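Read the figures in this text as sums done on the coordinates, not as results from a lab. Just so we're clear, the structure is a prediction, and the values are computed from it rather than from any experiment. Quick reminder, even Gly has a Cβ in these numbers, built from the backbone with ideal geometry, and neighbours come from all protein chains shown.
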Amino acid sequence: MIDKKIPAAGRTRFKPTNIKGGYDCPPEVQTMRNKITDVLRRNFEAYGYLPLETAQINYLDLLTYKYDPNAEIVHEIYKIKDQGDRDLGLRFDLTVPFCKFIAMNQNLKMPFKRYEIGKVWRNGPVKSGRAREFYQCDIDVVGISGPHIEAELILLAVTAYLELGIEPIVRYGNRKLLPADDALLAKIDKLSKGDAMRELEKIGINKNSVPEIVELEKCLEELGVLKYCEFAPYIVRGLNVYTGTVYEIFDKAERIPSALGGGGRYDNIIGNFIGNGLQYPAVGISFGLEPIAAVLGAQANQTSLVDLMLIPLGTESFAQKKADQLRAEGKRVLVYLGAKNLAKAFEYAAAYGIKHCAVVGPDEVAGKELVIKVVK
């Protein structure tokens with residue numbers, strides 16, 4: 001049977017492409033991203049944080065509960081409807097679903113420390129380090145008040161960023177420092193540190209008169225991380241969310257302008273979800289995988305996850321059995337089942353950064369040792 005060709009005039013032209021702010025990650029990029037999340041996950045678990053996964057699709061009312069209808073984040077939610085005509089949305093962060101989880105599981109033993117690495121979506125502006133679909137890597141603690149847990153989060157963050165090869169600057173402030181005057185808030189957000197301090201002093205607010213800031217600085221100094229921190233009273237972050245300490249983390253080398261992470265204390269959200277009149281002290285920090293990857297992108301090189309590639313010459317079954325023996329010893333082994341051409345096989349290894357290969361021919365089947373070749 002011969003397939004009939006559709007005339008060109010009758011075909012719909014379609015050019016495969018990603019939406020603006022969407023992306024695909026080829027293996028060399030995803031390998032680097034996996035290394036980032038591996039470092040973060042290892043540090044999260046070293047500090048006693050437990051893994052958690054929350055729903056990616058939620059009721060729209062839940063996602064918008066803590067925000068003014070005109071808030072920017074409300075307009076950035078990807079809104080959908082299910083077959084029951086219910087208003088739903090894709091989560092735009094990991095904090096709201098986490099608060100929902102706590103509200104639905106009030107029998108949890110407190111304090112509860114969790115981490116979550118998952119994708120979120122925001123239909124907002126796109127720039128370097130900020131996409132429309134992206135991963136957040138969050139840690140949160142419910143049930144502990146005071147500066148010691150806030151200092152622990154900052155210590156963990158500094159430790160993780162240094163392990164990733166990024167010297168961080170943690171700019172911190174306190175929501176209680178800022179006045180309720182929206183005009184002054186907008187002004188302070190655009191001022192230098194010195195000018196912002198002078199504006200705050202005019203209305204009687206001073207760094208040394210705020211016990212929470214002083215206590216936090218003392219904790220940070222005792223933990224040896226104050227040198228990575230910078231007091232920033234002008235941080236205007238999450239006005240509808242945060243109730244105390246807030247912080248944003250930047251690359252000291254200024255390779256990108258965007259924050260690499262941020263967070264703070266939010267003591268009211270969970271209690272508002274539950275509606276029992278109680279306060280649930282909570283504090284968290286979010287690590288942005290996209291901006292971290294953007295910073296490390298210049299350092300990225302193609303690193304294969306394959307330790308050895310076997311090239312069978314009519315010996316496929318033997319090579320596969322040999323590969324399994326090596327895998328049992330902890331080696332990562334790929335059996336090349338492509339064209340029967342050594343030149344092509346070595347080209348393949350070079351293209352994917354595989355440094356070591358071994359040809360498996362009749363002599364190897366007869367019992368001789370594998371000869372490892374280094375691919376240049």
Ordered by fewest other Cβ atoms within 10 Å, a rough proxy for footprinting exposure, Asp138, Asp87 read Asp87, Asp138
Between (1) 23, 45, 25, 8, 0; (2) 28, 56, 16, 0; (3) 25, 51, 22, 1, which matches P(r) over Cα pairs in 20 Å bins from 0, in percent calculated for the structure shown? (1)
Neighbour-count ranking for Arg13, Arg327, Arg130 (other C-beta within 10 angstrom, fewest to most) reads Arg13, Arg327, Arg130
Tell me the chymotrypsin sites (Phe, Trp or Tyr not before Pro) within region 271-376 that lie in a loop according to DSSP and have at most 16 other beta-carbon atoms within 10 Å. Tyr352
Once phi is turned into θ = phi - 60°, what whole-Hz ³J(HN,Hα) does the Karplus curve with 6.51, -1.76 and 1.60 give for every residue of region 130-146, x standing for Gly and Pro? 9, 10, 9, 10, 7, 9, 10, 10, 10, 10, 9, 10, 10, x, 10, 9, x
Of the chain, which part is the longest with no GluC sites (Glu not before Pro) in a loop (DSSP not H, G, I, E, B) and with at most 15 other C-beta atoms within 10 angstrom? 77-253
Computed [θ] at 222 nm, deg cm²/dmol, the chain (DSSP H ≥ 4; -39,500 (n - 2.57); rounded to nearest 500): -10000 deg cm²/dmol
